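Q: Structure incoming, see below.
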Amino acid sequence: MTTDVEICSAALMLLGAPPIASLSETSKGAILCANLYPLARKDLLRMHPWNCSVTRVMLAPLVGAPPFDYANWFAKPGNWLRTLDVGTRSNPLEYEFAGGRILCNTDSLPFRYVADVGEGNWDSHMVDVMVKRMVADLAYPITKSTSLAQLKQALYQDAKKLAKSIDGQENPPEEIDDAPFIAVRGG
């Protein structure tokens, strides 16, 4: 089970810096990781619907109704990072975000979203991308080398593309049924 400290330690060691045992240490590496890691982690989770972080729930409406336009409002789950679907694939629902809530004309809300899941749930490619992201973020502050920082940033971008591709291929391809643009073409 991977942890934030293991990811940060791996990144530091790849840059020739000593590993850390905790993000609360007073070493330069730990202080940098404690400040940079939380932002990078949320960014990585939000950038792609990683299979390990996609969650489905049925939301119940909050007490009381919105003043106008919609019948109910719903609280976003506490671990919400990014909305993927409101409703089902066969029945998407019209909705709106306002004041941190989801407004919709339904009594229960099927909701698919990217959740803030712990590193222990990540697959190996996602962990590798996060290590490379931290290497890229730490390269200049640790080494003071602009060229190394640029190289590490390029390696991170390549790793991210590969991981997203592999993750996306684990699901069956989406099929497009009777789309209106096909009928217009006469096919």
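Q: Give R82, R89, R185 a once-over and let me know the one that is at pLDDT below 95, among the basic types (K, R) and within 30 Å of V63 (Cβ to Cβ).
A: R89 is the lone residue from the list that is at pLDDT below 95, among the basic types (K, R) and within 30 Å of V63 (Cβ to Cβ).
Q: All but one of (1) open to solvent by 40 Å² or more (accessible area, probe 1.4 Å); (2) out of contact with any Asp or Glu (no Cβ under 8 Å at 6 or more places or on another chain); (3) closer than 21 Å to L138 by Cα hold for L23; which doesn't?
A: The one condition L23 does not meet is (2).
Q: Return yes or no: is R101 open to solvent by 30 Å² or more (accessible area, probe 1.4 Å), of a type in the set (K, R) and in contact (Cβ under 8 Å) with a residue 60 or more places away in the chain?
A: Values: open to solvent by 30 Å² or more (accessible area, probe 1.4 Å): yes; of a type in the set (K, R): yes; in contact (Cβ under 8 Å) with a residue 60 or more places away in the chain: no.
No, not satisfied.
Q: I would also like to ask the following. Mind telling me which of the residues E96, E119 ends up being open to solvent by 20 Å² or more (accessible area, probe 1.4 Å) and in contact with a helix residue (DSSP H, G or I) (Cβ under 8 Å, 6 or more places away or on another chain)?
A: On the way: E96 fails: in contact with a helix residue (DSSP H, G or I) (Cβ under 8 Å, 6 or more places away or on another chain).
None of the other options fit; the residue is E119.
Q: Within the range 129-139, can one find any residue that is surrounded by 11 or more Cβ atoms within 10 Å (Cβ to Cβ), assigned to a loop (DSSP other than H, G, I, E, B) and not acidic (D, E)?
A: no
Q: Among (1) open to solvent by 50 Å² or more (accessible area, probe 1.4 Å); (2) at pLDDT below 95, which single condition is D107 missing?
A: (2)
The values are calculated or read from the model by the stated rules, or taken from the named source; none is laboratory data. Values in this document were obtained by computation on a predicted structure and should not be read as measured data. A quick note on method: Cβ atoms are made from the backbone with ideal geometry, for glycine too, and the neighbour counts reach across all protein chains shown. What goes into the accessible areas is simple: the full protein's heavy atoms, side chains included, and nothing from ligands, DNA or RNA. Shrake-Rupley method; radii C 1.70, N 1.55, O 1.52, S 1.80 Å.
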